[in-house]
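The values are calculated or read from the model by the stated rules, or taken from the named source; none is laboratory data. In this text the structure is predicted, and so the values were computed from the model without any measurement. Positions of Cβ are backbone-derived with ideal geometry, glycine not excepted, and every protein chain shown enters the neighbour counts. The area values use the complete protein model at the heavy-atom level, side chains included, leaving out ligands, DNA and RNA. Shrake-Rupley method; radii C 1.70, N 1.55, O 1.52, S 1.80 Å.
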Amino acid sequence: MSSLSKRSVALAGHATSVALEPEFWAVLDRIAAARELSKAQLLAEIDANRGRRPLASACRLLALDWVADHGRQA
């Protein structure tokens, strides 16, 4: 996998950044498009449902679940 790519977003009124591999960002882009959400809206949804799990980990797990359910090209 490639090196990490960092994206900034405001979550719950606070600026934060998330560092993920580009391959994970690509899957999150597809998830957001399929759900008709912006990337910021998707990240806010992930943040709201992640519990105590780190945000980057929650993003990776969502991406892995998506690929398992929809295939790599979905």
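Some observations on this one:
- Amide H to amide H, with H built 1.01 Å from N, L11 comes under 5 Å of T16, counting only residues 5 or more places away or on other chains.
- Cα-based helix-to-principal-axis angle, 39-49 vs the chain, degrees rounded to 10: 80
- Counting protein heavy atoms only, the chain has 50 percent of its accessible area on carbon and sulfur, 1.4 angstrom probe.
- If you plug the beta carbon distance of A12 and A68 into 1/(1 + (r/R0)^6) with R0 = 30 Å, you get a FRET efficiency near 0.55.
- Compared with the dominant Cα axis of the chain, that is its longest principal axis, helix 55-70 is turned about 20°.
- Based on protein heavy atoms only, the chain ends up with 64 Å² per residue of surface accessible to a 1.4 Å probe.
- As an equivalent ellipsoid, region 18-74 spans semi-axes of 17, 13, 10 angstrom, where each value is the square root of five times an eigenvalue of the C-alpha gyration tensor, largest first.
- Nearest 10 degrees, 0 to 90: helix 22-34 Cα axis against the chain principal axis: 90
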